[in-house]
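*Asks:* This is the structure I have questions about; it appears just below.
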Amino acid sequence: MASAFGAAALFDDPRYDFQHGRNLLREVWEGPDEPSLFPQSVWRFLNRPLRDDPAQRSLRETLIARWHQDGRLGKAGSDTERRRMALFFGRGGSYDIEDLRARAAMMDLLEAEVDLMSHDLERLMQNTLSLGAP
């Protein structure tokens, strides 16, 4: 993504072709039973109900809600929202710099959520090791 931003700054053309055949955002958006891009363990982590959420939504569902709440897709029901949904969750296409920034922010948020899993696993490992210590 950083390369795309750098290249965007060098050219005067306001639109840039960006293709993403392996689209992690699409998989999160669609929520298939069996993921094709995420390992099963990560997919289960993203789709487990959150204990502290009164609606018992999953991390994946709250992530999608954040994308909407933060305006990453554009105003609800707008042409921008329809265009970005097709662009971000499809195979790619013609992005302007704001589209690239919005998509990068969505990817950053997804990355942060997956990082939570590694922190949880690290805590589990530390607790397990401390139980086995003499």
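*Asks:* Restricting to the range 81-100, name every residue that is open to solvent by 30 Å² or more (accessible area, probe 1.4 Å), free of Cβ contacts under 8 Å to residues at least 24 places away in the same chain and of a type in the set (Lys, Arg).
*Replies:* ARG82, ARG83
*Asks:* Follow-up. Name the residues in the range 65-80 that are aliphatic (A, V, I, L, M) and open to solvent by 60 Å² or more (accessible area, probe 1.4 Å), would you?
*Replies:* Within the range 65-80, ALA76 is the sole residue that qualifies.
*Asks:* Still on this model: Might you check whether a residue that is touching a residue at least 12 places away in the same chain (Cβ under 8 Å), under 29 Å from PRO14 (Cβ atoms) and touching a Ser or Thr at 6+ places or on another chain (Cβ under 8 Å) occurs anywhere in the range 57-70?
*Replies:* Checked the range 57-70: no residue is touching a residue at least 12 places away in the same chain (Cβ under 8 Å), under 29 Å from PRO14 (Cβ atoms) and touching a Ser or Thr at 6+ places or on another chain (Cβ under 8 Å).
*Asks:* Taking the range 13-31, which residues are exposed (fewer than 14 other Cβ atoms within 10 Å of the Cβ) and within 17 Å of the chain's Cα centre (by Cα)?
*Replies:* GLN19, GLY21, ARG22, GLU30
The values are calculated or read from the model by the stated rules, or taken from the named source; none is laboratory data. Note that the structure is predicted; figures quoted are calculated from it, not measured. For neighbour counting, all protein chains shown are included, and Cβ atoms are generated from backbone atoms with ideal geometry for every residue, glycine included. For the accessible areas, the whole protein counts, side chains as well, though only heavy atoms, and no ligand, DNA or RNA atoms are used. Shrake-Rupley method; radii C 1.70, N 1.55, O 1.52, S 1.80 Å.
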